[in-house]
Amino acid sequence: MATRREFLTSAAAGLIAAGLQDLRANPLGLPIGCQTYPVRKMISKDFPGTVKVLADSGFQDIELCSPWGYAPDFSPVAKYTGAQLKSLLGGMGVKCFSSHFGMGELRKNLSARLDWAKDAGLTQMFVPSLEGPDKPTMDDVKKVADEFNKMGEQTAAAGIQLGLHNEGFETGSVDGKRTYDVLMTLLDPKLVKFQFQVSTISDGLTPPSISPSTPAASFRCMCRDGRRRKRRSWRWAAGRSIGRRSSRPLRPVG
């Protein structure tokens with residue numbers, strides 16, 4: 001019978017023979033992707049170098065942030081035309097089909113952002129929030145939803161899917177209802193899709209809020225690494241506290 005040491009040595013040798021490249025977690029056989037916002041400080045110093053680090057780490061897809069709406073951290077990306085950006089990423093074996101844009105910049109420059117997105121080969125454009133008022137009325141929510149639907153008509157005409165993340169405004173309430181749930185009934189599912197931030201479950205978004213039976217159900221989820229900490233608040237990667245939680249919440253890493 002092999003000793004424990006002999007077994008571990010043999011197992012390690014087998015793993016090495018199999019190739020570490022095959023050990024990357026990919027249970028569904030889908031490309032492994034990541035959002036680049038957590039590495040925005042690295043991008044601000046060396047965008048190509050940061051992409052290479054991500055590629056070498058096994059990421060095949062990345063989601064960018066607008067170099068104008070997310071300046072100054074993503075400003076270095078603006079030096080590339082859409083076509084140049086696509087070529088740069090492709091040369092490192094990385095694809096980018098999605099990017100986040102600020103709602104404010106789309107209100108002012110949707111046409112220009114669409115042109116850049118198409119040149120870069122993007123098929124999806126997301127905003128983190130519709131940036132409604134802190135204490136909205138139902139009319140406020142309907143107004144921003146109508147505005148976003150109209151933006152969706154323009155992006156759809158250009159062959160790009162418009163989508164909504166869920167931060168801040170979306171996690172609040174209006175007339176006793178979760179704003180996010182209300183938006184799911186107001187936004188046209190043919191024009192707008194949802195990107196669900198899993199960490200917002202700590203804000204009270206429960207499975208009924210993201211049920212596939214809702215008219216414009218989420219079609220993408222975003223997860224974050226985290227670590228336990230003693231402080232009683234959830235803190236985003238940017239370090240902003242968004243409220244009291246349980247005594248052992250998570251803090252996003254990266």
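Taken together, the values in this text are just the output of simple stated rules run on the coordinates, not laboratory data. Treat the numbers as computed from the prediction; the structure is a model and nothing was measured. Here the Cβ positions follow ideal geometry from the backbone for every residue, glycine too, while neighbour counts run over all protein chains shown.
Below, the figures for the structure above:
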| read-out | value |
| --- | --- |
| Reachable lysines, given that their alpha-carbon falls under 29 Å from the alpha-carbon of residue 150 and they are not under 8 places away in the same chain | 86, 95, 108, 118, 135, 142, 177, 190, 193 |
| Residues 37, 180, sorted so that the one with the fewest Cβ neighbours within 10 Å comes first | 37, 180 |
| Once the Cα gyration tensor of region 29-227 is diagonalised, semi-axes √(5λ) in Å | 29, 19, 15 |
| Gain on full stretching of the segment that runs from residue 118 to residue 52 - 0.36 nm per residue minus C-alpha separation | 21.4 nm |
| Amide N of region 127-151 lying under 19 Å from the label point, which is placed 7 angstrom from the Cα of residue 185 along Cα→Cβ | 136-149 |
